[in-house]
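The values are calculated or read from the model by the stated rules, or taken from the named source; none is laboratory data. The shown structure was predicted, so the numbers you read here are calculated from the model rather than taken from an experiment. No Cβ is skipped: glycine too gets one built from the backbone with ideal geometry, and neighbour counts run over all protein chains shown. Heavy atoms of the whole protein, side chains included, go into the accessibility calculation; ligands, DNA and RNA do not. Shrake-Rupley method; radii C 1.70, N 1.55, O 1.52, S 1.80 Å.
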Amino acid sequence: MRRALLVLLFLLLPMWVSGCAKEDLKVLYNPEKSVHNLFCDCDYECFDELIDITPEMVPLTNAPAIFSIPMPTAPGTSVQQNAKAVIDFSNAEDGYIMAKYIPQTTKSIRVMIKGPSGAQYQYTLKSGNVFEVFPLSDGNGAYSIGVFEQVEGTKYATVVSRNITVKLTDEFAPFIRPNQYVNFSANNQAVIKAGELIKDAKTIIDKISAIYNFVITSLEYDKDKAKTVQSGYLPDIDDVLRRGKGICFDYAAVMAAMLRSQNIPTKLIVGYTGEVLHAWVDVYSTETGWINSVIFFDGKSWKLMDPTFASSGNQSAEVMKFIGDGKNYVVKFIY
């Protein structure tokens, strides 16, 4: 009986494969061993399509994922522009816009951004067809954005403007990326140093403390620079660290850049201490939420995150008492 079944199968096999039925052969196709060599004398035209399939890589590493700094871009998908200037708001949902003034000029060029809080942010824009990054610090809502060129003295004319409505991908978007005031990239020495400082940190608070303590012990207040600095000044974080001194704007920018480079949301704050215009930082920790105007835990309470005063005052009791009182600080702008 078994022999009879084998003979019958042998007789039916040529009929089954005759004509090289595409639907049958397609199922049996094996890239490593061609079906047609086993069952018929057809060419590869018997198959619907031959494709290359590269074997998948096997994941081997047990190292944690490395944070990659989200660098701003101007893809040009949403723009307002003319022959003189461009406002690129393609990535407004990520907390920033980019703008450039195309011609070379000795005139002063300004970018003005007014958000839902009503605060009007004013920035200096270089000429020469180079994009710069400006944060949408007010979060979700309606913004008016404009590029203006100087006519005479303090009189400016509108070059290009645009109103937009912003819905952020998340509340931290404006405070994790580089912008004109907190300008950094992976190649900055300050960013490389930040990575070294936090490599053994166990918690976000440990990371914040390591960077804060480095800044206040590595920099001293530059009184000469404070006397001569001009409007429109922008910190160069690597130059500040190399010189080992700076004004409050420098301290805040260095610390904000180092923290942001480690995926720690950080606000650079400009406001008043008494009648003096000052700069400091606020930081977000998943362990505590926004640490508004505070920096480190001494076992009993948080202290204000003011790297300039902590450094120049050598962390004296009087200075730390002043820093610890949030009523001494009035926020004007957030970057």
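How many residues are in contact (Cβ under 8 Å) with a residue 40 or more places away in the chain and either open to solvent by less than 20 Å² (accessible area, probe 1.4 Å) or over 12 Å from Phe89 (Cβ atoms) (or both) when one looks only at region 158-170? Show your work before the answer.
As a first pass, look at region 158-170 and keep what is in contact (Cβ under 8 Å) with a residue 40 or more places away in the chain: 159-162, 164, 166-169.
Checking which are either open to solvent by less than 20 Å² (accessible area, probe 1.4 Å) or over 12 Å from Phe89 (Cβ atoms) (or both) leaves us with 159-160, 164, 166-169.
Matching residues across region 158-170 total 7.
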Filtering region 175-196 down to residues that are free of Cβ contacts under 8 Å to residues at least 60 places away in the same chain and out of contact with any Asp or Glu (no Cβ under 6 Å at 6 or more places or on another chain), which residue is surrounded by the most Cβ atoms within 10 Å (Cβ to Cβ)? Ile192
Of all strands (runs of 3 or more DSSP E) completely enclosed by region 249-335, which ones contain at least 2 residues that are open to solvent by less than 10 Å² (accessible area, probe 1.4 Å), modelled with pLDDT of 80 or more and closer than 18 Å to Ile237 by Cα? 266-273, 276-285
Of all residues in region 125-142 being free of Cβ contacts under 8 Å to residues at least 40 places away in the same chain and within 23 Å of Gln81 (Cβ to Cβ), which is least open to solvent (accessible area, probe 1.4 Å)? Leu125
For Arg162, indicate whether it is over 24 Å from Phe333 (Cα atoms) and modelled with pLDDT of 95 or more. no
